[in-house]
1. In the range 31-65, how many are under 30 Å from K4 (Cβ atoms) and either part of a helix (DSSP H, G or I) or not hydroxyl-bearing (S, T, Y) (or both)?
2. So A14 passes all but one of these: (1) out of contact with any Phe, Trp or Tyr (no Cβ under 7 Å at 6 or more places or on another chain); (2) assigned to a helix (DSSP H, G or I); (3) modelled with pLDDT under 90; (4) not charged (D, E, K, R). Which condition number does it fail?
3. Return the total of residues in the range 67-83 being open to solvent by 100 Å² or more (accessible area, probe 1.4 Å) and under 14 Å from the mean Cα position of the chain (by Cα).
Amino acid sequence: MSAKNLDSKGRFRAKTIGFRVSPEEDQLINSAVALSGLTKQDYIVKRLLCRDVIVQGNPRVYKALKNQLAEVLSELKRIENGSAVHDTAYRGNSEWSERR
């Protein structure tokens, strides 16, 4: 019999949970995970258990923030040029989503 694999806090995690999401939900989850600096598993567990997600800066978080801000900047430039605002520009803003 093989040895138990423990996580960094000495917990044995033997249960697997799986679920399906839409492509849009997947994109939102991946974006939040990238900005948190956590693994997807750690991020989802913390959120499901209503624990705070504390972001600690590292090169991955910096890169994710840089990419997100580049998207915001390109959208703002597009709007400044007179184009209409896309609904997808607000997908990451939970406050906007709740008002809809």
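The values are calculated or read from the model by the stated rules, or taken from the named source; none is laboratory data. Here the structure is a predicted model, which means the values were calculated and not measured. Because the Cβ atoms are built from the backbone with ideal geometry, glycine has one as well, and the counts that use them run over all protein chains shown. Please note that ligands, DNA and RNA were not included when accessible areas were found on the heavy atoms of the full protein model with its side chains. Shrake-Rupley method; radii C 1.70, N 1.55, O 1.52, S 1.80 Å.
1. Going through the range 31-65 one residue at a time, the tally reaches 22.
2. (2)
3. Count: 0.
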